[in-house]
Amino acid sequence: EVDLKPVTGKETEGAGLEIRQALANFPGAYFSTNTFLTERVDETLSGYTAAVVVNLFGNDLAALDEKAREIASVLGKVPHATDVQLQSPPGMPQVVVRLREADIARWGFDPVDVLDVVRTAYGGDTIGQVYEGNRVFDVTAILAPADRHSISQISALPLRSPAGNYVPLRQLADIYETSGRYIVLHEGARRVQTITCNVVGGDVNPFVAEVRSRIARLSLPSGAYIEFAGTADEQARSRRELLIHSLLAGLGIVLLLSVVMGSYRNLLLVLLNIPFALVGGVLAVLGTGGLLSLGSLIGFVALFGITLRNSIMMISHYEHLVATEGMKWGQDPAMRGASERLAPILMTALVTGLGLLPLALGSTDPGREIEGPMAIVILGGLVTSTALNLLVLPTLALRYGRFEKVASEL
C-alpha cells in the first residue's frame, strides 16, 4: 500500500504510471496497481482486483494453460491494456520434498509428523498469543531467514526421531527443485484458468468489446468455453437495469402529465425540454473525453427530472395567466409568463450548478468515479436547457400551445 500526498486525479494517474514502469523492471514477477476504491469495487464484483476478467473453462489443464497464454497475449496487444496476468500460471518454481517410505519406517518416524515439522520450519506455525490492551498478536515459530535460503539448508533440517536421535531431512526424503502450479482454480465445480487485466487511459466497455472480437477468432479445445466478468460486465448489467427502470418511470410520468395537462400539445411542449437538456449533457460528455459511464447515465436521469420541472413551471404559469387571470393567449401573456418564471428557473439552475461545481472540477480525483461524471452531465444539460427553456419554449408555446380560459360555473 502506497499513500500519496494530496494530489489531483491526473497526478494520481501519473504516479500510478510511474509505479508500473518501475515494477516492470522486475523479471518474472506479476504486479497490479489500483486505487483503493477501484481495487475494492473490482474485488467485490469478480473476486479479483482487476477491471477485466476472462474465465476459460475446460477439463484439460494443459489445453487450458496453452489457450490462456494465447488469450493473455491477445489482451496485451489491445490498446490501453495493462497488468495482464494469469491467475494460476503453470511452471512456477517449487521445491519438492518427497518422503522415502523405507527410510521413514527404518528411523521410526511418522510421515505426518515429518511434514508438519517442514511446514512449521518454512511456513511458520502459530504457537501462542500475546495480549496488549485489547489487541491480540499471534506468536509464530519459523526458521530464521538465513536458514531458509537454499536446498542444502532444507536438506540439513534436523528432525528428532522417537528414539531421540537427530536425523537430517535428506536421509528421509528426496529434495529437489521443479516447476508446477501452486493452485488449480475451480468455479462451480469446473476447472478454470483466469486471465485478468486493467485498463488505463480508455473506457472499459469499448476495451471489452474489442477483446471479445479478438478472442472470438481463437479456436478453443473441445468442451472449453469463455465467460467474461469484472467491471465491464457489471456496468452493462447496471446500465440495462437503469435504462429499464428509467423508461418505466418515464412512462408513468408521461401518463400523469397527460392527465394533468389535458392537452397533448401542452404535454409535448413540456417534454420538448428533454432534448434541450440532452444536447448540453452530450456536449459535456464529449468535451470531457466522450466516456459514457454509469455515473453519466445517472446524471442524465437527474437532469431530465430538473429540466421537466422547469418546463412544467413555465407551461403551468401560462395556464394560470389564461385560466385564472383572464388574459387572452398571445404574445403578451407569453412574454409575461417567461419574465415571471425567469427568476425561479435561474435560481434553480444556479443553486444546482453551484452545488455540483466542486464535484465536476474534481471529477478525476479518486473516489469520485460516479459523482464526477454525473455532475458534469447535469451542469452541461442545465446550461442548454435553462437557456432554451427561457428563449425557445415561449416562442414554441406561442405558436403551438393551447391555453383556454375555464368557463365559470353558475
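Taking the longest Cα principal axis of the chain as reference, the axis of helix 111-123 is set at about 60 degrees. Matching the structure-derived mean projected area of the Cα convex hull in nm² against the labelled list (i) 34.8; (ii) 21.6; (iii) 33.2 gives the label (iii). Under 1.5 on a/c is rounded, so check that first for the stretch 251-410, then, if it is not, pick prolate when a/b is larger than b/c and oblate when it is not; a ≥ b ≥ c are the square roots of the alpha carbon gyration tensor eigenvalues. Prolate, since a/c reaches 1.5 and a/b exceeds b/c. Mind pulling the angle between the C-alpha long axis of helix 331-361 and the longest principal axis of the chain? Nearest 10 degrees, somewhere in 0 to 90. Once rounded, one gets 20 degrees. Inter-label distance, His149 to Val136: 3.7 nm, where each label sits 7 Å from its Cα along the C-beta direction. Helix 294-323 and the longest principal axis of the C-alpha atoms of the chain enclose an angle of approximately 10°.
Along the positive direction of the dipole of the stretch 262-400 (beta-carbon charges: Lys, Arg +1; Asp, Glu -1; about the Cα centre), which of Gly287, Leu357, Leu272 reaches farthest? The one lying farthest along the dipole's positive direction is Leu272. Summary of the geometry: the stretch 375-407 and the stretch 204-280, compared by the centres of their Cα atoms, lie 26 Å apart. Farthest toward the dipole's positive end in the chain, which of Ser222, Val377, Ser263, given Cβ charges of +1 (Lys, Arg) and -1 (Asp, Glu) about the Cα centre? Value: Ser263. Placing +1 on the Cβ of every Lys and Arg and -1 on the Cβ of every Asp and Glu, with no other charges, gives the chain a dipole of roughly 1140 debye about its Cα centre. The listed peptides 369-380, 140-151, 195-206, ordered by packing as a protection proxy, come out as 369-380, 195-206, 140-151 (highest mean of other Cβ atoms within 10 Å first). Here the spin labels are modelled as points 7 Å beyond Cα on the Cα-Cβ line, and at Leu268 and Asp116 they lie 8.5 nm apart.
Grab the Cα-Cα distance for Ser213 and Leu61, subtract it from 0.36 nm times how many residues apart they are, and report the gain in nm with one decimal.
52.3 nm
Distance between the C-alpha centres of the stretch 69-99 and the stretch 318-362: 61 Å, rounded to the whole angstrom. For Lys77 and Leu248, the FRET efficiency from 1/(1 + (r/R0)^6), where r spans their Cβ atoms and R0 equals 45 Å, is about 0.60.
Quick note: the coordinates plus some simple rules give every number you see, no bench work behind them. Model, not experiment: these values are computed from the prediction. Glycine gets a Cβ as well: all are built from the backbone with ideal geometry, and neighbour counts include every protein chain shown.
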